[in-house]
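One structure is given here, and the rest of the page talks about it.
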Amino acid sequence: MDSNVQLVRNLLKYTFGLVPIVAGLDKFTNILTDWSQYISEGFAAILPFEPATLMMIVGIIEIVAGILVLTKTKFGAYVVSAWLVVIALTLLFSWSFVDVAVRDLVMAIAAFSLAKLSENNLSRG
């Protein structure tokens with residue numbers, strides 16, 4: 001594999017491996033932000049539990065997704081890409097945090113690109 005392609009693949013792999021793990025862990029501490037603010041009031045009203053509990057569930061999913069990217073890169077990158085699209089669509093449907101939705105769509109494209117780069121027979125993962 002071309003060294004520049006391998007460099008880009010590795011940068012994307014560690015970005016989409018580590019960032020979801022950090023964000024997932026932060027769902028339990030809210031050091032980076034109050035994650036519950038991203039849940040629309042209407043959706044929060046129908047939850048059978050507190051929004052913070054939903055964020056902890058989301059955190060677990062993100063941690064698992066990050067680990068998948070680090071261990072099974074192609075599959076994990078598809079998971080992260082799909083997850084980011086779901087988050088972005090949720091934000092767009094509620095028309096809140098549209099800037100975050102756009103950013104998440106761009107990140108989904110980058111994660112999808114990592115998955116495609118990982119399909120190359122010369123790469124591992």
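Counting only helices (runs of 4 or more DSSP H) that fall entirely inside segment 1-116 and contain at least 3 residues that are within 15 Å of the chain's Cα centre (by Cα) and surrounded by 15 or more Cβ atoms within 10 Å (Cβ to Cβ), the qualifying elements are 3-26, 51-71, 73-94.
Consider Asp34 carefully, then state whether it is free of Cβ contacts under 8 Å to residues at least 12 places away in the same chain and of a type in the set (Asp, Glu). Here the answer is yes, as Asp34 does meet what is asked.
Contact annotation: residue pairs with Cβ atoms under 6 Å, 6 or more positions apart or on different chains, pairing a residue in segment 89-118 that is farther than 18 Å from Glu62 by Cβ with a partner that is part of a helix (DSSP H, G or I) and not β-branched (Val, Ile, Thr), are Leu92/Ala101; Leu117/Arg9; Ser118/Lys74.
For Ser3, the stated conditions hold: it is over 19 Å from Asp104 (Cβ atoms) and free of Cβ contacts under 8 Å to residues at least 24 places away in the same chain.
Where a number appears in this text, it was derived from the coordinates with a stated rule and is not lab data. The structure displayed is predicted, hence computed values, not measured ones. Ideal geometry is used to build each Cβ from the backbone, glycine not excepted, and the neighbour counts take in all protein chains shown.
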